[in-house]
Amino acid sequence: MNKNALGVALDGHDVVAYFTEDRAVRGGSDLAVEHDGATFYFSSQENRDSFSESPERYKPAFDGYCAFAVAAHKARVPSDPKTFKVYNGSLLLFFNDLHEGKPVNTKVMWNANEQQHYLDATRNWPSIE
């Protein structure tokens, strides 16, 4: 799982809120759950309970690494937890930062051929897990 130096997934954003509020919402350590070697923070007890009941439903695809990088480069690239989309029932995260001195938002590239990128990422992920 892509996590920060403290072992927190999505840099502390509430994984359930991506689905229920369609936005990145910060969670808190007081509502944390350990799962698969990572700590997930939540913004409400309800979201924490939803995750605890069905973590596979909410966990980010490709362990929270950039979906475009998995599809196009067969690589694990850190993602920006504020740059995301829910596609095909999966939470996808994307790189959105400087690369070689230039701003790059891989969500834009992903959207240009979403269906093919999703198929490629799903096919590539097992070999880079």
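We did not get these values from a lab; they are worked out from the coordinates using the rules stated. Source: prediction; values computed, not measured. All Cβ positions, even for glycine, are placed from backbone atoms using ideal geometry, and neighbour counts span all protein chains on display.
For region 87-96, indicate whether the set of residues that are more than 18 Å from residue 22 (Cβ to Cβ), in contact (Cβ under 8 Å) with a residue 24 or more places away in the chain and not in a helix (DSSP H, G or I) is non-empty.
Yes: one or more hits.
Please enumerate the residues belonging to region 1-35 that are part of a loop (DSSP other than H, G, I, E, B) and surrounded by 12 or more Cβ atoms within 10 Å (Cβ to Cβ).
Within region 1-35, 1, 2, 4, 14, 21, 24, 25, 27 meet the criteria.
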- Please verify whether region 3-12 includes one or more residues that are touching a helix residue (DSSP H, G or I) at 6+ places or on another chain (Cβ under 7 Å) and closer than 29 Å to residue 116 by Cβ. yes
